[in-house]
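Colleague: Here it is, the structure, as structure tokens.
The values are calculated or read from the model by the stated rules, or taken from the named source; none is laboratory data. The structure displayed is predicted, hence computed values, not measured ones. Virtual Cβ from ideal backbone geometry, glycine too; neighbours counted across all protein chains shown.
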Amino acid sequence: MKKLNVILALLLSVTAQAQPQEKDTLAVSDFIATYIYQCHTLDADGKDVTDSIQLSLQVSGNLWKCSPDDKSEGMIANDQAYQEALMHVPTVWMGYPEGSITCHETLFPYIYETQEVRQPILWDIASTDTLTIEGYLCHRATATYKGKTWVACYTEDIPSSAGPWKLSGLPGLILRAEDREGIHSFMLNGLLQEQQPIVFQHYRSALAFNQGTFTRQRFDFQKMEHSKFLKFKKKILGNKLYPQHPNFYAPNALGAFGSVEYWQGTGGRTIQRANGVVMLDKAHVYQPLELK
Amino acid sequence: MRFILTLLTVVASLSARTQTTISGTVTNLQHQPVGDVIVRVTDEKHTLAFCTTDAKGTYRLMVKDTPQGETFIRFAHISYEVEQEKVSLDGKPQVKDMLLVPKTITLKEVKVRAVPLTQMGDTLNHNLASFLGKGDVSLEDGLKRLPGVEVAKSGAISYMGKPISAFNIEGLNLLGGKYNLATRNIPADYVTQVQVIRNYHERKVDEDKPSDAVAMNIKLAKKAKMKPFGQEEAGFTPVPSSSGEGHDHWQGILGLTGMLFTEDFQTICSGKLGNYKDYANSDLTDHLGGSGLSTRATSLFGGFDGGRPPQGEYLYQRNAMGTVNGIQKVDSISTFRVNADYSYHRATHDIATATTYLSPLPTSPQENESHLDGASSPSLGTEGWSRVMVSEQTSPLSSSHLPSLQVNYRSNARQQYVWDMLTMKAKFEHNEGDVHYNNVWAEQRRKTTSLEVANSLNFSRRVGGHTVHFNSDVHFQRTPSLCLSFADSGEEWSQTAQSTSLTTEHRTSFDLHLTKKFTLNLPVSLTANYDFIETILCAATPSQQSQQQQQNFIETTLCAAIPSQQSPQQQDAHNRLQGTTFIPSFSPGFEWRNANRRLYTLLSFPFSFRLMHYGSTSLSKFYLNPSASLSYTFSANSKLSASSSLRYGTGDMLDLLTAPMQTSYRSTRTASGVIGESRNWASSLDWKLQVPLQYFTLNLGASHSEGKRNTLTSQSVSGVDVSTSSLFRDTHSRTTSFSLSSSKNIPSLFAKFGIKGNYSFGSGEQAVNGNVIQHHHQGYSLSGHVGITPVSWLEMNYDIDYNWQRSSYEDTRNTVTSLTHSGALHVFPISSLDISVNYDHVRRQITTDRYKHMSLFNASAQYKLKRLVLRLELDNLLNQRHYAYTVFDGINTYSYDYGLCGRTTFIKATFKL
């Protein structure tokens, strides 16, 4: 019996370490567009800062995936700066499942999956207002989406209704988009006609029992209704304490998870990670992309 | 009412008529539905309506407008041929099915670019490749192109005019201040990112405190990580250079540098030697201080050097160096570092100087004769004064060996910081400075050995919400022997010195964070020093000696035992002093910041008690040195800082050396015998604007300082002999200055523009033969820089620098101006070949109505292969051999004429290992 317990303990321990994940290839991309996403916000000391991150948009017909690109130069997944930018923008699968939007977002200490019905964006097109971006003739269009007014530039030369984040539904690829307040912006930074698998990552809940106390009831991954998650995220990231103490709602990571990893980040800063998720020691003021 | 109803009915029927609904299904040749087809209804110019097909290939759109002219319905998909049909918008529902023919649309691809510059809070990430020019080889070449970054000729890096306080490679500080080793030896293409970290905190425990420090972090490409790399350099002069007699005509260099950068360990090892320019010497420059070794004795008796011209190669050097540097990560927060260096430096150059001293007119003919003896061309100046000019020619030769070892441990966590540095250094110098004046040769020799051992410990810990700091610095310096010997006009004499210093400073501080806005600092420190110094000036020997005998005397003196062992009969002037200094101090400071942390103020009131005891002289006094500083951060890019401080200082034992000390063949120095005291009030105002994403920086500054000392340096000139002593008299000085600097990059043009301006004025006092003269100075300088790449095969750089300086005393005014143009042109006939020419033109005022024009012209060709860089340098093509300029130092005027290195051809090969 004692031996059996030991074997079970080892098996469960291995299960917890492995963080089981499965990947599905949903489609193969027709082309890939990369965008620079910028968010103008404030740091913990109230100073203006611009968070920046590169996004990769893989497009295949009615389905596309827009995700932070952590492989590009200067984007280091364990970097504090990268993580600061990451809190504003999720990984989005548009049209998966059909007619829906699926998002993966990290909110320490979990990864959350949300789903919502894809609603059409009612764009107002200014056909006469043109400009050229990266050699493509673009038109301007305006729409209110999720409580914010967006001005987008799209090109009819690329016949796809895709765009960065959840912005879409124009008669051509969106090359640039900015919100009216000038807080968020997406700018095309590259375009490649390349076939790549569009992958969806399935997370599995993991249970470990030989680490910290928190792990006994934890799940690495949680599914949540989109509107509920939005409120939950606003409640945590929108809290005044958040910029100074980003982990105020889960303060004892070491006690909770049994171990904290350390990584070298920008300028020699040490980055801490628990449960595979970066723990920020300071954060920037959260600027939601969606108000409703 | 009926009328209104009729009208509404008509309007409704009209609007119903203008809305046309079009629907249908889009399929391919296999009759499979095609989703995500963009269906648009357009007139000749505008999109009237659009939608996309669903997964079943169906669509439905409504056109509200009825434009004049033809209208079309258009079906577009990235994998199919675009189809278009005429459509009439008559208000009736229409069904338009479409069959699409496969054909992949070829997109005009946009190459994914790394963004040249991103701002992440205080960190600016420069993608180095976005800024590099074709001819750039080393990391230093690339750094010069970054906005706001300046790299001085010495290799010192500054951002927005502020020198960087740390240079990290992948987050590790391997080299301390000797970062030339990295910037000049790491190839530019091995670096992906250069991060400029503003408001940098070296210690994490201080992260809550404001900081205006700047640090740089280098991120390496994958090919530079985990595996060793390096470079090999070799070069020679294919034809002998046109150097003067006694200089090396054949020149060469040889160097090998190896590096390894892993996640936990970094090392750079290098060995170099050469006699071409400053090769093998500049790599070990410590930009954070501490390159050399200066003790009490060596600071009193400096070497025979002669300064340097602002432009042109003038030194004939032989250099060698070897260095081993390593840093190991002990754990995620701790590092252990060792830096061991050895350098040899030998340099000589030619210089002619004409020094004009102000001297009182002699009162008797005899005095007049002796006064003018040896000095040339005295001329009458202000009433009661004459100007005495001394002309000299010299070729100082100095050589030094400098071994050093540094061992450092650092643990940097948010809760605790530990830093310890052990330093050991030695310097062995030999210096010759024979001077030719009035057809006479005066011989000067200097030989000295100095040692230094120092340890610095720094400890900080957060306790609850508060922080405790403890620093301990122990510094031991010794010059066991410093010997100077002189021979002039048949007379010989010598000056010897030795000194020992033990300096200890222990400081502890407790930061009480009373509220979120208010912090009380309570530092207490104790400085305890022991000093010993001895100087002996030996009498001149009989004048009837041959040159050989003079030489023997000099050599004997240089090899003599320490001065105290000489017999008293030989000693003309003897200083021997030892003593101690104790300075306990308490420096309460009050920090306050407002709720949004933009406004920060610091008031500090350091009290100190100084107890100095040297022989029969002692001083014990309380001092209060209050200071205030304020900063307001408008945004991450804009900051205003102001500070003001009042400081009382005291002299040291060097003020008590009342017996004459010979510092050169014609200069003696005597101290006042009174421990000097000074008071200095300094204030400054500084505004920085940095708009990194616009590549724009602007810095405006103003400063003012006023000082008072209780002693005044008095100069006496007799013939060519100059002696300085101190008068026990209050003396005042003041200086006000304003500065401006700005830089702007235009990445699309690969262009960088910069301007700088400076204006200052002030006054001071000097004494000549006991007579006090007040002098004033003012000056301004303007400089500009343009670097532009108008076409890919051409790169142009232009610098202009204008200086205006005026010095005045009583009714005498001296003004000098200089205007320098520097231009460089790089032509790239093929991308790997860089042909460049550099041109410097200087128009410099020598005297009131004399100007000197000088041009320097260099050319080079560089051919870059994958691993090999071949370079041909043609220096000083016009064979310009002199560089002359004048400076004013209060009441004295110094005119220098430097000999420049002649025309030189040099071939160099750098091979990446």
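Colleague: So which pairs qualify, if the first residue must be in the range B:332-348 and within 23 Å of B:Leu172 (Cα to Cα) and within 14 Å of another protein chain (Cβ to nearest Cβ), the second must be surrounded by fewer than 18 Cβ atoms within 10 Å (Cβ to Cβ) and of a type in the set (Lys, Arg), the Cβ gap must be under 6 Å, and the two must be at least 6 apart or on different chains?
Modeller: B:Thr335/B:Lys329
Colleague: While we're here: Give the number of residues within the range A:112-135 that are surrounded by 14 or more Cβ atoms within 10 Å (Cβ to Cβ), free of Cβ contacts under 8 Å to residues at least 24 places away in the same chain and under 20 Å from the mean Cα position of the chain (by Cα).
Modeller: 0
Colleague: Out of the residues in the range B:756-813 that are of a type in the set (Val, Ile, Thr) and over 26 Å from B:Gln311 (Cα atoms), which is surrounded by the fewest Cβ atoms within 10 Å (Cβ to Cβ)?
Modeller: Here the residue is B:Val791.
Colleague: Taking the criterion of being in contact (Cβ under 8 Å) with a residue 40 or more places away in the chain, farther than 30 Å from B:Lys144 by Cα and surrounded by fewer than 17 Cβ atoms within 10 Å (Cβ to Cβ), would at least one residue in the range B:729-740 satisfy it?
Modeller: yes
Colleague: Where residues in the range B:894-905 are more than 27 Å from the chain's Cα centre (by Cα) and either buried (at least 21 other Cβ atoms within 10 Å of the Cβ) or among the β-branched types (Val, Ile, Thr) (or both), which of them is nearest to B:Lys866 (Cα to Cα)?
Modeller: Only one residue tops the list, namely B:Thr905.
Colleague: Within the range B:864-893, how many residues are surrounded by 15 or more Cβ atoms within 10 Å (Cβ to Cβ) and either of a type in the set (A, V, I, L, M) or on the phi < 0 side of the Ramachandran plot (or both)?
Modeller: 20
Colleague: Could you list, in sequence order, the residues of the range B:167-211 that are at the interface with chain A (Cβ under 9 Å from one of its Cβ atoms) and of a type in the set (A, V, I, L, M)?
Modeller: Scanning the range B:167-211 gives B:Leu172, B:Ile197.
Colleague: Name the single residue, out of those in the range A:19-73 being of a type in the set (Gly, Ala, Ser) and modelled with pLDDT under 75, that is surrounded by the fewest Cβ atoms within 10 Å (Cβ to Cβ).
Modeller: Among residues in the range A:19-73 that are of a type in the set (Gly, Ala, Ser) and modelled with pLDDT under 75, the one surrounded by the fewest Cβ atoms within 10 Å (Cβ to Cβ) is A:Gly46.
Colleague: For B:Asp136, state whether it is modelled with pLDDT under 90, more than 24 Å from B:Phe696 (Cβ to Cβ), in contact with a helix residue (DSSP H, G or I) (Cβ under 8 Å, 6 or more places away or on another chain) and away from chain A (no Cβ under 11 Å).
Modeller: When the stated conditions are applied, B:Asp136 does not pass them.
Colleague: Can you name the residue in the range A:43-57 that is more than 9 Å from every other protein chain (Cβ to nearest Cβ) and touching a residue at least 60 places away in the same chain (Cβ under 8 Å) and, of all such residues, is nearest to B:Leu124 (Cα to Cα)?
Modeller: A:Leu55
Colleague: A further question on this structure: Quick check on B:Glu873: is it over 30 Å from B:Thr348 (Cβ atoms) and among the charged types (D, E, K, R)?
Modeller: no
Colleague: Let me ask something else. For the range B:712-747: of the residues being outside any strand (DSSP E or B) and in contact with a helix residue (DSSP H, G or I) (Cβ under 9 Å, 6 or more places away or on another chain), which is farthest from B:Ala442 (Cα to Cα)?
Modeller: Selected residue: B:Pro747.
Colleague: Taking the range A:190-202, which residues are facing chain B (nearest Cβ under 7 Å) and surrounded by fewer than 23 Cβ atoms within 10 Å (Cβ to Cβ)?
Modeller: Answer for the range A:190-202, where residues must be facing chain B (nearest Cβ under 7 Å) and surrounded by fewer than 23 Cβ atoms within 10 Å (Cβ to Cβ): A:Gly190, A:Leu192, A:Gln193.
Colleague: Would you check which residues across the range B:28-42 are more than 23 Å from A:Thr155 (Cβ to Cβ) and either facing another protein chain (nearest Cβ under 8 Å) or among the hydrophobic types (A, V, I, L, M, F, W, C) (or both) and list them?
Modeller: Result: B:Leu29, single match.
Colleague: Quick one: how many residues across the range A:111-140 are in a strand (DSSP E or B) and among the small types (Gly, Ala, Ser)?
Modeller: 2
Colleague: Would you pick out the residues in the range B:43-102 that are within 13 Å of chain A (Cβ to nearest Cβ) and touching a helix residue (DSSP H, G or I) at 6+ places or on another chain (Cβ under 8 Å)?
Modeller: B:Lys64, B:Asp65
Colleague: Moving on. Among (1) surrounded by fewer than 24 Cβ atoms within 10 Å (Cβ to Cβ); (2) within 21 Å of the chain's Cα centre (by Cα); (3) closer than 27 Å to B:Gly589 by Cα, there is one condition B:Gly176 misses while meeting the rest; what is its number?
Modeller: Tallying (1) surrounded by fewer than 24 Cβ atoms within 10 Å (Cβ to Cβ); (2) within 21 Å of the chain's Cα centre (by Cα); (3) closer than 27 Å to B:Gly589 by Cα, B:Gly176 fails exactly one: (3).
Listed here are the residues, each with its yes/no results for (1) in a strand (DSSP E or B); (2) among the hydroxyl-bearing types (Ser, Thr, Tyr); (3) at pLDDT 90 or above; (4) out of contact with any Pro (no Cβ under 7 Å at 6 or more places or on another chain).
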{"site": "B:Val772", "(1), (2), (3), (4)": "yes, no, no, yes"}
{"site": "B:His777", "(1), (2), (3), (4)": "yes, no, yes, yes"}
{"site": "B:Gly784", "(1), (2), (3), (4)": "yes, no, yes, yes"}
{"site": "B:Pro790", "(1), (2), (3), (4)": "yes, no, no, yes"}
{"site": "B:Tyr798", "(1), (2), (3), (4)": "yes, yes, yes, yes"}
{"site": "B:Tyr802", "(1), (2), (3), (4)": "yes, yes, yes, yes"}
{"site": "B:Ser808", "(1), (2), (3), (4)": "yes, yes, no, yes"}
{"site": "B:Arg813", "(1), (2), (3), (4)": "yes, no, no, yes"}
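Colleague: Taking the range B:142-157 as the search range and keeping residues that are outside any strand (DSSP E or B) and among the hydrophobic types (A, V, I, L, M, F, W, C), which one is nearest to B:Gly787 (Cα to Cα)?
Modeller: The qualifying residue nearest to B:Gly787 (Cα to Cα) is B:Leu146.
Colleague: Can you spot a residue in the range B:163-171 that is surrounded by fewer than 19 Cβ atoms within 10 Å (Cβ to Cβ) and not in a loop (DSSP other than H, G, I, E, B)?
Modeller: yes
Residue by residue, here is whether (1) of a type outside the set (Asp, Glu); (2) under 25 Å from B:Ala682 (Cβ atoms); (3) under 23 Å from the mean Cα position of the chain (by Cα) holds:
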{"position": "B:Leu712", "(1), (2), (3)": "yes, yes, no"}
{"position": "B:Arg729", "(1), (2), (3)": "yes, yes, no"}
{"position": "B:Phe738", "(1), (2), (3)": "yes, yes, yes"}
{"position": "B:Lys752", "(1), (2), (3)": "yes, no, yes"}
{"position": "B:Lys756", "(1), (2), (3)": "yes, yes, yes"}
{"position": "B:Asn769", "(1), (2), (3)": "yes, no, no"}
{"position": "B:His777", "(1), (2), (3)": "yes, yes, no"}
{"position": "B:Asn797", "(1), (2), (3)": "yes, no, yes"}
{"position": "B:Asp811", "(1), (2), (3)": "no, no, no"}
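Colleague: Report yes if some residue within the range A:74-93 is modelled with pLDDT of 90 or more, more than 30 Å from B:Gly171 (Cβ to Cβ) and under 17 Å from the mean Cα position of the chain (by Cα); otherwise report no.
Modeller: Within the range A:74-93, one or more residues are modelled with pLDDT of 90 or more, more than 30 Å from B:Gly171 (Cβ to Cβ) and under 17 Å from the mean Cα position of the chain (by Cα).
Colleague: So which residues in the range B:694-703 are crowded, with 17+ Cβ neighbours inside 10 Å and touching a Ser or Thr at 6+ places or on another chain (Cβ under 7 Å)?
Modeller: Matches in the range B:694-703: B:Thr697, B:Leu698, B:Asn699, B:Gly701.
Colleague: Before we move on, is B:Tyr623 closer than 19 Å to B:Asn529 by Cβ and in a strand (DSSP E or B)?
Modeller: Considered against the rule, which asks whether it is closer than 19 Å to B:Asn529 by Cβ and in a strand (DSSP E or B), B:Tyr623 comes out as yes.
Colleague: Just for the range A:139-179: of the residues that are among the basic types (Lys, Arg), farther than 14 Å from A:Gln38 by Cα and touching a residue at least 24 places away in the same chain (Cβ under 8 Å), which one is nearest to the other protein chains (Cβ to nearest Cβ)?
Modeller: So, considering only residues that are among the basic types (Lys, Arg), farther than 14 Å from A:Gln38 by Cα and touching a residue at least 24 places away in the same chain (Cβ under 8 Å), the one nearest to the other protein chains (Cβ to nearest Cβ) is A:Lys166.
Colleague: So which residues in the range B:149-173 are aromatic (Phe, Trp, Tyr) and within 10 Å of the chain's Cα centre (by Cα)?
Modeller: B:Tyr159
Colleague: Another question, then. Based on this model, can you work out whether B:Thr106 counts as modelled with pLDDT under 80 and closer than 30 Å to A:Tyr37 by Cα?
Modeller: Considered against the rule, which asks whether it is modelled with pLDDT under 80 and closer than 30 Å to A:Tyr37 by Cα, B:Thr106 comes out as yes.
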